[in-house]
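Read the structure below first, then the notes.
The values are calculated or read from the model by the stated rules, or taken from the named source; none is laboratory data. This structure is a prediction, so every number in the text was calculated from the model and none was measured. Calculation scope for accessible area: heavy atoms of the full protein, side chains included, ligands and nucleic acids excluded. Shrake-Rupley method; radii C 1.70, N 1.55, O 1.52, S 1.80 Å.
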Amino acid sequence: MASFVSADCLDYKDGKVDQDTVYEVYIDTGYDATASRATVQNITVHPKYNPSTMANNVALIEFNLGSSVSWYNYNAIGRKSWTEIVYAQRYIADVNNMAWAAPQISSQASSDAKCSSLSSLFDSNQNG
């Protein structure tokens, strides 16, 4: 499998991705309360990525879910029954035990001044 990530999230040494860093992917299906952890096998950074201007800030990571480790994560489902759209920021609180931290939730009606100040793209996205 493959996925896109921000190139600036990776570690670099001498202008190339640091191969000593162990990168992993955490995937939550959201439907059956299972999640998986897999080691990244290959990383391809956009050839014109510029860390100063953040131009082309994208990298392709490749991983194999066939060799992943699974654990359980409970998450809300049933979008049609929701009364409003919410945004949840999730992160791994304990990597060794594969434990998620409590999600930070905000509704569509609320605005996040910090995100707006850091990202012109976020600031201009007024339709959720």
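For this structure, a couple of remarks:
- When all protein chains stay in place and ligands, DNA and RNA are ignored, the 1.4 Å accessible-area order of Ser36, Ser6, largest first, is Ser6, Ser36.
- Solvent-accessible surface of protein heavy atoms, probed at 1.4 angstrom with all chains present, puts Ile105, Ile61 in the order Ile105, Ile61, largest first.
- Per-residue SASA remark: Met98, around 30 Å² accessible (1.4 Å probe; ligands, DNA and RNA not included).
- Of the whole protein surface, Phe4 contributes about 150 Å² of accessible area at a 1.4 Å probe radius.
- Rounded accessible area of Asp94 (nearest 10 Å², 1.4 Å probe): 50
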